[in-house]
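Undergrad: Quick one: the structure is below, questions incoming.
The values are calculated or read from the model by the stated rules, or taken from the named source; none is laboratory data. Being a predicted model, the structure only gives us computed values, none of them experimental. Here the Cβ positions follow ideal geometry from the backbone for every residue, glycine too, while neighbour counts run over all protein chains shown.
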Amino acid sequence: MSQQPQQQFENFTASSLYCDKCKAAMPVRERLLLVLPDKEIYDYLCTGCGSSVGSREVTAGEKMMAQAMAAQQSRRRRRVPISL
Ligand SMILES: [Zn+2]
């Protein structure tokens, strides 16, 4: 009987990041830190000790891409480009 080594990967919104305090890769929580006209800045907090282990910037363009992809996946509406 062979046992396959299984690694546990859970699908969180953000992946694990290395935490200096915990000295290990820890699952992180995403927190909206700052909203700017053209981008949003997210902070990643270690779920173990609560300290910030990183940040991410989401530009307006990236957000639009994500929204467009979500719209494509749901396939509710189809927008036809109008050429004049
Ligand atoms: Zn930590």
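Undergrad: Taking only pairs six or more apart or across chains, which ones have beta-carbon atoms under 8 Å, a first residue in segment 2-31 that is of a type in the set (D, E, K, R), and a second residue that is surrounded by fewer than 10 Cβ atoms within 10 Å (Cβ to Cβ) and at pLDDT below 95?
TA: Between residues of segment 2-31 that are of a type in the set (D, E, K, R) and residues that are surrounded by fewer than 10 Cβ atoms within 10 Å (Cβ to Cβ) and at pLDDT below 95, the close pairs are Glu30/Thr13.
Undergrad: Still on this structure, I have one more. Sort out which residues of segment 57-84 are modelled with pLDDT under 85 and either touching a helix residue (DSSP H, G or I) at 6+ places or on another chain (Cβ under 7 Å) or not in a helix (DSSP H, G or I) (or both), and write them in order of number.
TA: Arg75, Arg76, Arg77, Arg78, Arg79, Val80, Pro81, Ile82, Ser83, Leu84
Undergrad: What number of residues in segment 32-55 are surrounded by 13 or more Cβ atoms within 10 Å (Cβ to Cβ) and more than 14 Å from the ligand (Cβ to nearest atom)?
TA: Here the count works out to 6.
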